[in-house]
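> Have a look at this one before I ask anything.
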Amino acid sequence: MIEMGSGTGQTSVRLAEEMPTTEILGIDNRATVTEVSRNNAKKLGVSNLSFETADMTEYVKTVTSLPEMVVLLYSFHHIPDPLDQKVDFLEDCFTALPEGGHICIAETFLKNDARDTAANRETQIRWANRGVEAFASTF
Ligand SMILES: C[S@@+](CC[C@H](N)C(=O)[O-])C[C@H]1O[C@@H](n2cnc3c(N)ncnc32)[C@H](O)[C@@H]1O
């Protein structure tokens, strides 16, 4: 299993703990956070987990194959617009995934029409505070 955009590794650590017989790889394009991840995993004694510094959009172009499960938790929206770049990334994942493989993308999705006054207050506040992220994630 691979987590792309693993940040400081909290999700990867949890996945590794939940599935001790599965090898987990976390990748993030910031060397500082992969170093933090490695240290955290070491401190916690999680041995079925490793981290690499890599740009996920480049990574999926260069690997010949991906593990059966690819996880992106709040990282997919970081692939910058235009939209084609997200589509290219997904196509590259699809090419490298084994048959029957899965991509699990978890994001906050806000409806595009939620910016108008009919939307409930909570949704409007989210659009106001995290609109760029929400928009980038919604397509
Ligand atoms: C909100 S954090 C995700 C945290 C992590 N998934 C978790 O559950 O703890 C998003 C991460 O994606 C990483 N990221 C952004 N663009 C990336 C890219 N092109 N390739 C790899 N990682 C990227 C950022 O450095 C950041 O650490």
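Computed from the coordinates by the stated procedures, all read-outs in this text should not be read as laboratory data. These numbers were taken from a predicted model, which means no experiment stands behind them. Heads up, the Cβs are rebuilt from the backbone with ideal geometry, glycines too, and the neighbour counts pull from every protein chain shown.
> How many percent of all Cα-Cα pairs in the chain sit more than 20 Å apart?
Values: 4952 of 9591 pairs.
Across the chain, Cα pairs with separations above 20 Å total 52 percent.
> Could you name the aspartates and glutamates whose alpha carbon sits less than 13 Å from that of residue 86, not counting residues in the same chain fewer than 8 places away?
58
> In addition: Specify the angular offset, from 0 to 90 degrees and rounded to the nearest 10, of the alpha carbon long axis of helix 83-96 from the longest principal axis of the alpha carbons in the chain.
Approximately 30 degrees, to the nearest 10.
> Mind checking the angle between helix 121-137 and the chain's longest principal axis? C-alpha axes, 0 to 90 degrees, to the nearest 10.
Value to nearest ten degrees: 50.
> Relative to the longest principal axis of the C-alpha atoms of the chain, give the angle of the C-alpha long axis of helix 31-44, reported between 0 and 90° and rounded to the nearest 10°.
Around 60 degrees separate the two axes.
> Could you tell me the calculated FRET efficiency between residue 53 and residue 130, based on Cβ-Cβ distance and R0 = 25 angstrom, to the nearest 0.05?
Numbers: r = 27 Å, r/R0 = 1.06.
According to the calculation, E is roughly 0.40.
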